[in-house]
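The values are calculated or read from the model by the stated rules, or taken from the named source; none is laboratory data. Small disclaimer: the values here were computed from a predicted structure and weren't measured. Note: ideal-geometry Cβ built from the backbone for every residue, glycine included; neighbour counts use all protein chains shown. What goes into the accessible areas is simple: the full protein's heavy atoms, side chains included, and nothing from ligands, DNA or RNA. Shrake-Rupley method; radii C 1.70, N 1.55, O 1.52, S 1.80 Å.
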Amino acid sequence: MLLILSPAKILDLKPQNIISDYTIPEMLDRTKTVVEAVRQLSIADLAELSDTNQDIARTNFDRFYNFHLPFTPENAKQAVLMFYGEVFRGLGAKTLLPDDFKYMQNHLRILSGLYGVLRPLDLIQPYRLEIGSKLKVGTSPNLYKFWGDEITRKLNETLHQNSANILVNLASNEYFKSVNVKKLKAKVLNIEFWETKNDRYKPIVIYTKKARGMMTRYIIQNQIEDMEDIKGFDAEGYWFSPKYSTNDNFVFLR
């Protein structure tokens, strides 16, 4: 079983003393090409590309300007501890145990517009770049085209190494679009989280993000290999709904 998540815009830049182990991103050659493309932009261009104000764009501009190799624990940080949006607050990596980190490193991948596919302990330098942004990279009109099937190829490689045949999709639609499902050598299990509102169930983005992180934590801590065992997830009032679920789409209600 392999899990995928989206990255986060919010970052935790503080030094950490939780884990000393780290790895280096495996697709850095392509990452450097993206960095060079961003460096051709002005701050105004970057603000428009990322739909942010000038202050955020300037910070992001500086980060891309200061991007440099090699990555070390002094100038970079493990991805799962750097990202700090709702998903990663739900995951709560800081409170995981060493065995949890070992399982997570093998069974979780984070999709990224800059790094392609990240392992949890891959060192990264801070950035903000959505995979859906229309950044032109060489002859590619956007990042989806630039990454092409490379993300899928890397996921297939990991699935093969793990002898896994199930991909648990806990990523956003924006990031899952970077995966070529037709070429993926695994069954895709989508997971949804619906909230009660006005006597009806519906997904609410802010709660869905945190729930994706909590589900990831649940699978990691229990080292789940059988997708049926995922149905036992019950954190913060969620429960599995046989009524709304299918074999390919598990729905949890609250």
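Each Lys and Arg adds +1 at its Cβ and each Asp and Glu adds -1 at its Cβ; summed about the Cα centre, the stretch 119-254 shows a dipole of about 580 debye.
Computed per residue of the chain from DSSP H runs no shorter than four, each worth -39500 (n - 2.57), the mean residue ellipticity at 222 nm is -10500 deg cm²/dmol. Couplings 3J(HN,Hα) for the stretch 123-135, derived from phi with the Karplus relation 6.51 cos²θ - 1.76 cosθ + 1.60 (θ = phi - 60°), are 6, 9, 9, x, 7, 9, 7, 6, 5, x, 6, 8, 7 Hz, where x marks Gly and Pro. Number of Lys-Lys pairs in the stretch 1-116 with C-alpha atoms under 20 Å apart and a separation of 8 or more places or on different chains: 9. At q = 0.20, 0.26 Å⁻¹, work out log10 I(q)/I(0) for the stretch 1-63 with the Debye formula, treating every Cα as an identical point scatterer and leaving solvent out; two decimals please. After summing over all Cα pairs, the log10 values are -1.06, -1.18.
Take every DSSP beta bridge whose two residues both sit in the chain; close to 45 percent of them are antiparallel. Note on the stretch 105-254: percent of Cα-Cα distances in each 5 Å bin, starting at 0 and stopping at the bin with the largest distance, equals 2, 8, 17, 20, 19, 15, 11, 5, 2, 0, 0. Note on Thr59 and Gln223: their simple-model spin labels are 3.9 nm apart, each label 7 Å out from Cα toward Cβ.
Between the labelled values [x] 24; [y] 19; [z] 28, the entry that holds percent of Cα pairs over 31 Å apart as derived from this structure is [x].
Placing +1 on the Cβ of every Lys and Arg and -1 on the Cβ of every Asp and Glu, with no other charges, gives the stretch 142-197 a dipole of roughly 220 debye about its Cα centre. Let me test this: with uniform point scatterers at the alpha carbons of the stretch 55-164, what is the Debye-based log₁₀ I(q)/I(0) at q = 0.11 1/Å? For the requested q values the scattering log ratios are -0.42. Would you mind telling me the share, in percent, of accessible area of the stretch 19-128 contributed by carbon and sulfur at probe 1.4 angstrom? Roughly 50 percent, rounded to a whole number. Put a plus charge on the Cβ of each Lys and Arg, a minus charge on the Cβ of each Asp and Glu, and nothing anywhere else: the dipole of the chain about its Cα centre is then about 440 debye. The modelled label-to-label distance for the pair Lys231/Glu36, using points 7 Å beyond Cα in the direction of Cβ, is 5.2 nm. The Ser20 and Val205 beta-carbon pair, evaluated with R₀ = 35 Å, returns a calculated FRET efficiency of approximately 0.50. Amide H to amide H, with H built 1.01 Å from N, Lys187 comes under 5 Å of Ile166, Leu167, counting only residues 5 or more places away or on other chains. Rolling a 1.4 Å probe across the protein heavy atoms gives the chain an accessible surface of 50 Å² per residue. Return the carbon/sulfur percentage of the accessible area of the stretch 146-199, one whole number, probe 1.4 Å, all protein chains in place. With neighbouring chains kept in place, the figure for the stretch 146-199 is 44 percent. In order along the stretch 10-18, phi translates into HN-Hα couplings of 7, 10, 9, 8, 6, x, 10, 10, 7 Hz, rounded to whole numbers, per the Karplus curve 6.51 cos²θ - 1.76 cosθ + 1.60 with θ = phi - 60° and x for Gly and Pro. The angle between the Cα long axis of helix 205-222 and the longest principal axis of the Cα atoms of the chain comes to about 70 degrees, rounded to the nearest 10.
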